[in-house]
Amino acid sequence: VSASTDEPGDAVDLSLDCTGLRCPRPIIEIARRIGVVPVGGLIELLADDPATTPDLAAWCRMRGQELVSSAAPRFLVRRLV
Amino acid sequence: MFPRVAEVMTPIFLDCSSGEPLVPEAREAWLVAVSAGWGDPQRLHRPGRLAAQALDAARSRVAAHVGARPDEVVFTGPLAPTAQAAVAGLALGRRRVGDVVVTSAIEHSAVLAAAAAYGQHVTVGVDRLGRIDLDAWTDAVSGPGVALACLQVANHEVGTLQPYEAAAEACRAAGVPLVLDATTAIGRIDTANLGGWSVLLGWAGAYGGPASVGLMVVRRGTRWRAPFPADDHQQGRWPGTVDVPAVWSAVAALDAVSKDRDVVGGRQHSLVDRLRREVGARVPEVDLAGDPVVRVPHLLTFSALYVDGETLTLELDRAGFAVASGSACSASSEHPSHVLAAMGALTHGNVRLGVSRTTTEAEVDAFLAVLPGVVHEIRGRLGAA
């Protein structure tokens, strides 16, 4: 999983606010909603559960998606598949 | 307050990752020792002498198991105070050199806490299987001001064996004492020649002895200084009266599990191979953690996507299976397992299995028959199926 901090500024296609939700809910939400953005699109996930950092990285690895940036409580994921 | 034994023993017990139930030999040894070895080993009367003899014999037997001299063996308590004594004692003995304490990122939380409390804690990362980066380890222990380093023989959650001999060699070359935490390895693999450690840690509860007895083996010549007021017990290396019957029981357990270690370990290795293969095949979206081959025989950790560990643990308990979990909220912690996080493994929906000495293939099959349905049902409840 590659992670970098250079975020494209306004290119977010979907923003999911999962603040206050416990894991695995934020991961379930991004899995349910990623299909609505086109391949190559960016999803912003806001989540403050401490398991989000490791679990979003693991989810991206398992599902073949790209974790663009990981800086809790804000995460960016690019849809690759 | 406790229910009848039969009720407690009903579930299929697959939670031997942190501790094995007391083996029968340990119970028998304790009963003998409370009758004949109850004396204060510091006393000169006959009960005292009997207890002192038992303690000497216990040290010799432990020494043989870990490749040490009898006078290097100290009987301690659970892992947390034992790790604190090991780390604090070396930090004290080496305070003129520096105060950096190097550990892997996936040591037991008690070791990490001790490292943070008694020094400047530097952690060395691990790969996806949980194995340390040897180059990073060598760089870290060779740096300036390193008082000591700590490394496990095998990880207590995922079972992966560390390259402990090479890590010890790096420490030796740098002149840094190594605390080798053999808690998950003792009684599981041959521990008579674990390389160039300075202090070795163990805990009887992990291998089927009493939970009150731990081990700290301090090699001769190690610059370890008692981090507490020294007394007359155990040459000032662990304070307070020794519970000789508990020690006798701990050593009986070690002898017993070591005697059939290869047979039991071989069976457990195969059972875990089967669990690993079948969990991966039968449960969709599952993340299997740890090294499938280079590991202790009895452990398997996996995580199912879109499931919370607390519900999974409780549903498996309802179905008759006792398992552990490294997910947040499923144990006593709000935070997920630092071991899984450091390995890049999924932390939610986590199940940690430790097969016991008596786990059968039928029990493993029963677990495998139930698990997929339990995971599927929880996913459905969470709207993730």
*In segment B:97-138, the residues that are within 21 Å of residue B:344 (Cβ to Cβ) and among the charged types (D, E, K, R)*: B:107, B:127, B:128, B:131, B:133, B:135
*Could you look through segment B:322-331, keep only residues that are more than 9 Å from every other protein chain (Cβ to nearest Cβ) and in contact with a Pro (Cβ under 7 Å, 6 or more places away or on another chain), and pick out the one that is surrounded by the most Cβ atoms within 10 Å (Cβ to Cβ)?*
B:326
*asked:* As an exercise: evaluate residue B:263 against (1) touching a residue at least 12 places away in the same chain (Cβ under 8 Å); (2) over 23 Å from residue B:201 (Cα atoms) and give the number of the one condition it does not meet.
replied: (1)
_Given (1) touching a helix residue (DSSP H, G or I) at 6+ places or on another chain (Cβ under 9 Å); (2) closer than 28 Å to residue B:128 by Cβ; (3) at pLDDT 95 or above; (4) open to solvent by 50 Å² or more (accessible area, probe 1.4 Å), identify the lone condition not met by residue B:385._
(3)
*When residues of segment B:269-288 are filtered for being assigned to a loop (DSSP other than H, G, I, E, B) and either open to solvent by 40 Å² or more (accessible area, probe 1.4 Å) or within 12 Å of chain A (Cβ to nearest Cβ) (or both), how many remain?*
2
*In segment B:311-318, is there at least one residue being within 19 Å of residue B:378 (Cα to Cα), in contact with a Ser or Thr (Cβ under 8 Å, 6 or more places away or on another chain) and assigned to a strand (DSSP E or B)?*
no
*Select the strands (runs of 3 or more DSSP E) contained entirely in segment B:81-170, then report the ones holding at least 3 residues which are over 15 Å from residue B:201 (Cα atoms) and touching a strand residue (DSSP E or B) at 6+ places or on another chain (Cβ under 6 Å).*
B:100-104, B:120-124
*Just for segment B:133-152: of the residues that are out of contact with any Leu (no Cβ under 7 Å at 6 or more places or on another chain) and of a type in the set (A, V, I, L, M), which one is most open to solvent (accessible area, probe 1.4 Å)?*
B:134
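Only one of B:173, B:182 is modelled with pLDDT of 95 or more and open to solvent by less than 10 Å² (accessible area, probe 1.4 Å). Can you tell me which?
Testing whether each residue is modelled with pLDDT of 95 or more and open to solvent by less than 10 Å² (accessible area, probe 1.4 Å) leaves just B:182.
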*Kindly provide the set of residues from segment B:290-309 that are under 23 Å from the mean Cα position of the chain (by Cα) and facing another protein chain (nearest Cβ under 10 Å), ordered by number.*
B:303, B:309
*Taking segment B:294-310 only, how many residues are open to solvent by less than 10 Å² (accessible area, probe 1.4 Å), assigned to a loop (DSSP other than H, G, I, E, B) and modelled with pLDDT under 95?*
0
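Residue by residue, here is whether (1) touching a strand residue (DSSP E or B) at 6+ places or on another chain (Cβ under 9 Å); (2) not hydroxyl-bearing (Ser, Thr, Tyr) holds:
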| position | (1), (2) |
| --- | --- |
| B:236 | no, yes |
| B:270 | no, no |
| B:293 | no, yes |
| B:298 | yes, yes |
*Would you check which residues across segment A:18-54 are within 13 Å of chain B (Cβ to nearest Cβ), of a type outside the set (Val, Ile, Thr) and part of a helix (DSSP H, G or I) and list them?*
A:25, A:26, A:29, A:31, A:32, A:33, A:54
*Taking residue B:319 as meeting all but one of (1) open to solvent by less than 30 Å² (accessible area, probe 1.4 Å); (2) small (Gly, Ala, Ser); (3) in contact (Cβ under 8 Å) with a residue 24 or more places away in the chain, write down the number of the exception.*
(1)
*Inspect all residues belonging to segment A:60-70 and state whether any of them is modelled with pLDDT of 95 or more, touching a helix residue (DSSP H, G or I) at 6+ places or on another chain (Cβ under 6 Å) and within 19 Å of residue B:304 (Cβ to Cβ).*
no
*Spot the failing condition for residue B:259; the list is (1) within 22 Å of residue B:160 (Cβ to Cβ); (2) more than 14 Å from chain A (Cβ to nearest Cβ); (3) surrounded by fewer than 19 Cβ atoms within 10 Å (Cβ to Cβ), and only one is missed.*
(1)
*Taking segment B:224-280 as the search range and keeping residues that are over 19 Å from the mean Cα position of the chain (by Cα) and of a type in the set (Lys, Arg), which one is farthest from residue B:191 (Cα to Cα)?*
B:277
*Given A:11, A:31, which one is at pLDDT below 95 and open to solvent by 10 Å² or more (accessible area, probe 1.4 Å)?*
A:11
*Which residues, taken from segment B:335-344, are at the interface with chain A (Cβ under 7 Å from one of its Cβ atoms) and in a loop (DSSP other than H, G, I, E, B)?*
B:335, B:336, B:344
*Go through segment A:55-81 and give me each residue that's open to solvent by less than 10 Å² (accessible area, probe 1.4 Å) and either under 17 Å from residue A:21 (Cα atoms) or not in a strand (DSSP E or B) (or both).*
A:55, A:56, A:58, A:59, A:60, A:75
*Only listed residue being more than 11 Å from every other protein chain (Cβ to nearest Cβ), open to solvent by less than 30 Å² (accessible area, probe 1.4 Å) and in contact (Cβ under 8 Å) with a residue 40 or more places away in the chain, chosen from B:347, B:359*: B:359
*residue B:342, sole failed condition from (1) surrounded by fewer than 24 Cβ atoms within 10 Å (Cβ to Cβ); (2) of a type in the set (Gly, Ala, Ser); (3) more than 28 Å from residue B:187 (Cα to Cα)*: (3)
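The values are calculated or read from the model by the stated rules, or taken from the named source; none is laboratory data. Keep in mind the model is a prediction, meaning the values are calculated, not measured. All Cβ positions, glycine included, derive from the backbone under ideal geometry; neighbour counts span all protein chains shown. Surface accessibility is based on the protein's heavy atoms, side chains included, excluding ligands, DNA and RNA. Shrake-Rupley method; radii C 1.70, N 1.55, O 1.52, S 1.80 Å.
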